[in-house]
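Chemist: Next up is a structure, given as C-alpha cells.
The values are calculated or read from the model by the stated rules, or taken from the named source; none is laboratory data. Here the structure is a predicted model, which is why all the values come from computation and not from measurement. Quick reminder, even Gly has a Cβ in these numbers, built from the backbone with ideal geometry, and neighbours come from all protein chains shown. Heavy atoms of the whole protein, side chains included, go into the accessibility calculation; ligands, DNA and RNA do not. Shrake-Rupley method; radii C 1.70, N 1.55, O 1.52, S 1.80 Å.
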Amino acid sequence: MSPVVLVGCLRILSDGYYFGTITELLVLPEYRRQGIGSKLLHPAQRLLGHI
C-alpha cells in the first residue's frame, strides 16, 4: 500500500457568522498545475458564501 502524502492545504479564518476569509492555499510544487488548488478552493468558497 502506498503512503498517504499531504500535497495541499487551505486555511480559513472565520468567526462563523459574519467574517470569513481564505488566508492560505498551499500545494507542493511538484503537484501544482493539476487542479488540486481548485479542488480545495471551490468548496471553501461555497462554505464562506454562507457566512
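Chemist: Looking at region 19-29, which of its residues are within 11 Å of GLY8 (Cα to Cα) and open to solvent by 50 Å² or more (accessible area, probe 1.4 Å)?
Modeler: GLU24, LEU25, LEU26, LEU28, PRO29
Chemist: Here is a follow-up. Taking the options ARG33, ARG46, name whichever one is over 9 Å from the mean Cα position of the chain (by Cα), free of Cβ contacts under 8 Å to residues at least 60 places away in the same chain and in a helix (DSSP H, G or I).
Modeler: ARG46
Chemist: Out of region 8-29, which residues are over 19 Å from GLY49 (Cα atoms) and over 11 Å from the mean Cα position of the chain (by Cα)?
Modeler: Once the filter is applied, which keeps residues that are over 19 Å from GLY49 (Cα atoms) and over 11 Å from the mean Cα position of the chain (by Cα), region 8-29 yields LEU28, PRO29.
Chemist: Provide a single number: the residues in region 2-18 that are part of a loop (DSSP other than H, G, I, E, B), aliphatic (A, V, I, L, M) and either open to solvent by less than 90 Å² (accessible area, probe 1.4 Å) or on the phi > 0 side of the Ramachandran plot (or both).
Modeler: Qualifying residue count, region 2-18: 2.
Chemist: Right, LEU25: of a type outside the set (Phe, Trp, Tyr) and assigned to a helix (DSSP H, G or I) or not?
Modeler: The answer is no for LEU25.
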